[in-house]
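Student: Handing you a structure now.
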Amino acid sequence: MALLFTADTHFGDHRTLNIVRRPFESVAAMDRALIATWNEAVEPQDEVWHLGDVARKASEVPELLAGLNGTKHLVRGNNDPPATCAAAGWASVQDYAELELDGTFLVLCHYPFRSWNRQHRGAINLHGHSHGRLAPVPRQFDVGVDAQGYRPTTLAALLERPRRTR
């Protein structure tokens, strides 16, 4: 079983095609690509933490979740209404989470932090919201699809990838 992270899928949201300049010809093409890359990266027994901004229409979330591999947890984003959070298919829903993975303390939130719990003791902040537009900060990673090749990612992949400089 692997643990993966993602954010900012914005399924069904035409605004992301223009605002973030996603390279898809239509919303339907974007959704198909996001589902395909999710299911390529995530095995059915894996666990995925989605750090917010799931979909444009909360009514479509249960069907989306049913078609995505893995056990899914939601850390609520600014575009996740109560109906998205209440949708069938989430193993848990929260605004903030702390996990330990292979001896590394993780702080999960939709929003990037300037400082976070245990930051100066090696803790890592995983976030979404910024769509890959923020300059990197040590031990902080944007796990949103726009920053991660339109797919969920692992902590190991984040740590081994070279980072751009300011």
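Student: Can you pull out the chymotrypsin sites (Phe, Trp or Tyr not before Pro) in the stretch 66-128 that DSSP calls coil and that have at most 16 other Cβ atoms within 10 Å?
Tutor: Tyr96, Phe113
Student: Find the percent of Cα-Cα distances in the stretch 14-163 that exceed 21 Å, and round it to a whole number.
Tutor: Summing the P(r) tail past 21 Å for the stretch 14-163 gives 43 percent.
Student: Which percent, to the nearest 5, of DSSP beta bridges fully inside the chain are antiparallel?
Tutor: The answer is about 25 percent antiparallel.
Student: Per-residue HN-Hα couplings for the stretch 118-130, Karplus 6.51 cos²θ - 1.76 cosθ + 1.60 at θ = phi - 60°, whole Hz, x for Gly and Pro?
Tutor: 6, 3, 8, 10, x, 5, 10, 9, 9, 8, x, 6, 8
Student: At what distance in nm do the modelled label points of Glu63 and Asn78 sit from each other, each positioned 7 Å from its Cα along Cα→Cβ?
Tutor: 2.9
Any read-out appearing in this document is the output of simple, stated calculations on the displayed coordinates, not a laboratory observation. What you see is a predicted model; the values in this text were computed from it and never measured. FYI the Cβ positions are ideal-geometry reconstructions off the backbone, even for glycines, and counts take in every protein chain you see.
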